[in-house]
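Take a look at the structure set out below.
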Amino acid sequence: MIILTKITLVMMVSLIFSIIFGIVLIPILKKLKADQRLSEYLEEKHKNKQGTPTMGGLIFIIPTILVMILLIIFNKIIFTTSLLIVIITFLSYSLIGFIDDYLIIKRHNNEGLSESAKFILQVIIAIVFFYLFMISGNEPLLWIHTLHIKFDIGFLYGIIILLVLVSSSNAVNITDGLDGLASSLSIIAFFTLGIITYNTGWLEGYEELSLFCFSIVGSLIGFLMFNLNPAKVFMGDTGSLALGATMGSIAILTRHEILLILIGIVFVIETLTCIIQRVYYKFTHKRLFLMTPIHHSFEKKGYSERQIVKIFCLIGLIASMVSIIFGIIL
């Protein structure tokens, strides 16, 4: 009962902080003209979103960190190495996204950080992650829980960390194309990760990581109030990169890197359709899908944004329930 009380309290406080911060921040972003630049390939109905402020990820990033700081100050949780790793990842990727968003706004186009600059920053974060991971007593194991298989891959695990962080952060970023889509799916994913993490009793600081997940859930619910169609603010790269990388970092620490594919199945599908479309077009000069990411294909088929979000969230919810079975029971 104590942990349920903590979870409820953390989610509630995070939700309240997020709503308050959203009410304060959105007018400031509008005043600063921190508006989203939309692709010219999007349908006409997206054009009315021009001028909607971005960088809204701050609405759930700052409250989440603030709640964790308060928990530490009041000795409700212990500041473990695992929590440090996740917080560093969360803030580092949000900073990368913030810089990217800032450059896009400043230049008045969609050209933010270069791909090489992003990659270099992500490599640095992965190195720091791997170092802290190893000095905290973890082993570089590729661990498939369900099959009871462990592979000790040594320093190559650092590359696994980089791949997971890069792929997961970009997957959420790609999915963030409709009002409320990425935020709704992230709520489901982090709620699932929170449950699975709390049942990873062998990990130092597992309870702290679980509460961190639920704090993000509460903050995201608050953010969703401003992000549902019609959105008053977009999370931008500031939010999407931070969310994706944090999902990846928690999956790594709890040894559920492979299960993350199922937990974030919609993010995976969105990313795969983009890759398949590019490869198919390169060899055939034709498009396999009407438009990618795949949610835009649904739009071209006549589905509304709200219908697409509902369908995708249902898929995400089913996948998450199956993930909990594999992550805890099996």
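Read the figures in this text as sums done on the coordinates, not as results from a lab. Computed from a prediction, not measured in an experiment: that's the story for all the values here. Cβ: placed from backbone, ideal geometry, glycine included. Neighbour counts: every protein chain shown.
So here's what we get for this one:
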{"read-out": "Mean Cα-pair separation over length for the range 99-166, i.e. relative contact order, pairs under 8 Å, 6 or more apart, %", "value": "26 percent"}
{"read-out": "Local net charge near residue 29, Cβ-Cβ under 12 Å (Lys/Arg +1, Asp/Glu -1)", "value": "+2"}
{"read-out": "Label-point separation in nm, residue 72 to residue 272, each point 7 Å along Cα→Cβ", "value": "3.9 nm"}
{"read-out": "The chain: DSSP helices with Cα axial extent of at least 24 Å and average Kyte-Doolittle hydropathy no lower than 1.0", "value": "2-31, 81-107, 115-135, 156-175, 181-198, 206-227, 236-253, 265-284, 305-324"}
{"read-out": "Sequence-separation-based contact order of the chain, relative, with Cα cut under 8 Å and 6+ spacing, percent", "value": "26 percent"}
{"read-out": "Listed pairs 6/232; 30/106; 30/300; 49/301 exceeding 25 Å between Cα atoms", "value": "6/232; 30/300"}
{"read-out": "Residue-span extension gain [residue 111 to residue 285] - 0.36 nm each, minus C-alpha spacing", "value": "60.1 nm"}
